[in-house]
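Note sheet for the following structure.
Values quoted throughout were computed directly from the atomic coordinates according to the rules given, and no laboratory measurement underlies them. Everything numeric in this text was worked out from a predicted model, so none of it was measured. Note that each Cβ is placed from the backbone with ideal geometry, even for glycine, and that neighbours are counted across all protein chains shown.
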Amino acid sequence: MSIKRYGVEGGKGQGGQHLPFARAVEANGWLFVSGQVPMVNGELVTGNVIVQSRQAIHNLLAILKEAGYGTEHVVRCGVWLEDARDFAAFNGVFKEFFGENPPARACVETKMVVDCKVEIDCVAYKAPAA
């Protein structure tokens, strides 16, 4: 089995903190994308759940694209919301990006590790090239 890691250098979180994990790991056609929050260049994007959801999904899609995947390859997403009352608003944003290719999904309310309203990860699959 071949394994390829994307962003193994980690990247930077809030306050320039080093993040000790890969952005994504690919193994035999499966791509596991780490949780994405609404962050740009190590700084959280401020705004409501709609603004933050769009940024978190843009971050997720950028990693998919880097690895050669698209929304049509996403099998499952995991979503964490800071406030369950944001569920309907988040669904609206999610549909903007995944409406034609809806994956399986789980969504839970939780206290966030960083001061944001949403985090999203995914698993994607694309048959390996022969």
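For segment 112-122, check the following and say yes or no: at least one residue is exposed (fewer than 12 other Cβ atoms within 10 Å of the Cβ) and over 19 Å from Gly7 (Cβ atoms). Yes, that holds for at least one residue.
Is segment 115-125 home to any residue that is within 25 Å of Trp30 (Cβ to Cβ) and more than 13 Å from the chain's Cα centre (by Cα)? The answer is yes, given that some residue of segment 115-125 is within 25 Å of Trp30 (Cβ to Cβ) and more than 13 Å from the chain's Cα centre (by Cα). Here segment 43-63 is the region considered, the condition is being surrounded by fewer than 19 Cβ atoms within 10 Å (Cβ to Cβ) and over 14 Å from Glu96 (Cα atoms), and the residue that is nearest to the chain's Cα centre (by Cα) is Ala62.
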